[in-house]
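The values are calculated or read from the model by the stated rules, or taken from the named source; none is laboratory data. Given the structure is predicted, the values throughout are model-derived calculations rather than measurements. Here Cβ is always computed from backbone atoms with ideal geometry, including for glycine, and neighbour counts include all displayed protein chains.
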Amino acid sequence: MHAVTAEADSGRSDRVTVQFAGEYFHFFPSDETFTLGREGTIAIDDNPFLHRHFLRISRAEGLWWLVNVGTRLTATVTDGAGRVQAWLSPGARLPVVFKSTEVIFTAGPTTYEFTVFVDAPAFADLGSGEDEVGATTLGGVKLTASQHLLLVALAEPMLRREGAAMSEISSSAKAAERLGWTVTRFNRKLDNVCEKLDRAGVPGLRGGRSGYAINRRARLVEHALAARLVTRVDLPLLDQHFDTDGGDGADAETGASS
């Protein structure tokens, strides 16, 4: 990854494109600021949990910016390869500097995803070197097989979607049933995964009790997808019936290995 020089950038379009639900929306610096939400330039969904105007994309200081103009919801923003990730809180803004930027957010029980493409990105991926982010490792955080499987079960609706830009997050009861676990066992492992990632600096996994159960599952799925902790290739694991605690020992239950 490297900065694009003015010479390399000459002659390229400053267009930005938003891809959502199989549709492409093109915008140029001469266009007015556009918004995404329940209403706005791009009407995402009539979900009552979604802000009327949630995210805004505008041009300033020679860059495209993604701004959270909502008051409650947050968004997870990633470079698309899981190497760079940011949490966009209400009132915050981020420059859109990569050729492809993925945005994931949750409103109520539904998780949404869209992609922003920039014709003239400020940074380009050189493609040199191998991806250091493994299926169950990110920034030194190692998940046990059962913890990884828990993430796959929670993210299954998003991983199975075909062209859709939204899906509902599995409830703890549904995910536990999918894995053949009791809800108590599932919630204990969920606590361990959230604590482990929280200690690693992943925001949004701890907080007050109000809406906490739903919000942390949503935030956990957002992070798992953005960081590529789970992908579609992991889905067959859900149909392999075996004791995922085998070899994990007590750490599978307590997360003490973190």
Fill in the blank from the handout: Out of (1) modelled with pLDDT of 90 or more; (2) more than 24 Å from ASP45 (Cβ to Cβ); (3) among the basic types (Lys, Arg), the one ARG206 does not meet is (1)
Problem - Odd one out for PHE105 among (1) among the aromatic types (Phe, Trp, Tyr); (2) outside any loop (DSSP other than H, G, I, E, B); (3) out of contact with any Leu (no Cβ under 7 Å at 6 or more places or on another chain) - result: (3)
Handout entry: Every pair of residues 6+ apart whose Cβ atoms lie under 7 Å, when the first sits in the range 184-204 and is not assigned by TED's automatic domain parsing to the domain that holds LYS142 while the second is hydroxyl-bearing (Ser, Thr, Tyr)
Key = none
Problem - Residue match in the range 167-182 (condition: charged (D, E, K, R), at negative phi and touching a residue at least 60 places away in the same chain (Cβ under 8 Å)) - result: yes
Practice task
Output the residue which, of all residues in the range 93-106 that are over 17 Å from LEU220 (Cα atoms) and charged (D, E, K, R), is modelled with the highest pLDDT.
Solution key: ARG93
Exercise for the section: Kindly provide the set of residues from the range 1-28 that are at pLDDT below 90 and within 19 Å of VAL96 (Cα to Cα), ordered by number. Expected result: MET1, HIS2, ALA3, VAL4, THR5, ALA6, ALA8, ASP9, SER10, ARG12, SER13, ASP14
Problem - Of the criteria (1) of a type outside the set (Val, Ile, Thr); (2) in a loop (DSSP other than H, G, I, E, B); (3) touching a residue at least 12 places away in the same chain (Cβ under 8 Å), which one SER58 fails - result: (2)
Problem - Out of THR106, THR41, THR33, THR71, sole residue that is in contact (Cβ under 8 Å) with a residue 40 or more places away in the chain and out of contact with any Gly (no Cβ under 8 Å at 6 or more places or on another chain) - result: THR106
Problem - Subset of the range 79-92 [modelled with pLDDT of 90 or more and in contact with a Ser or Thr (Cβ under 7 Å, 6 or more places away or on another chain)] - result: LEU88, SER89, PRO90
Exercise for the section: Looking only at the range 36-50, decide whether some residue is modelled with pLDDT of 90 or more, of a type in the set (D, E, K, R), within 18 Å of the chain's Cα centre (by Cα) and surrounded by fewer than 16 Cβ atoms within 10 Å (Cβ to Cβ). Expected result: no
Completion exercise
With the first residue restricted to the range 217-239 and required to be over 20 Å from LYS142 (Cβ atoms), and the second required to be of a type in the set (Asp, Glu) and assigned to a helix (DSSP H, G or I), Cβ contacts under 6 Å at 6 or more apart or on different chains are none
Problem - Residue check, VAL141 under 16 Å from ARG228 (Cα atoms), modelled with pLDDT under 90 and in the same structural domain as LEU197 (by TED's automatic domain parsing) - result: yes
Completion exercise
Scanning the range 65-89 for residues that are of a type in the set (Gly, Ala, Ser) and outside any loop (DSSP other than H, G, I, E, B), the one surrounded by the fewest Cβ atoms within 10 Å (Cβ to Cβ) turns out to be ALA86
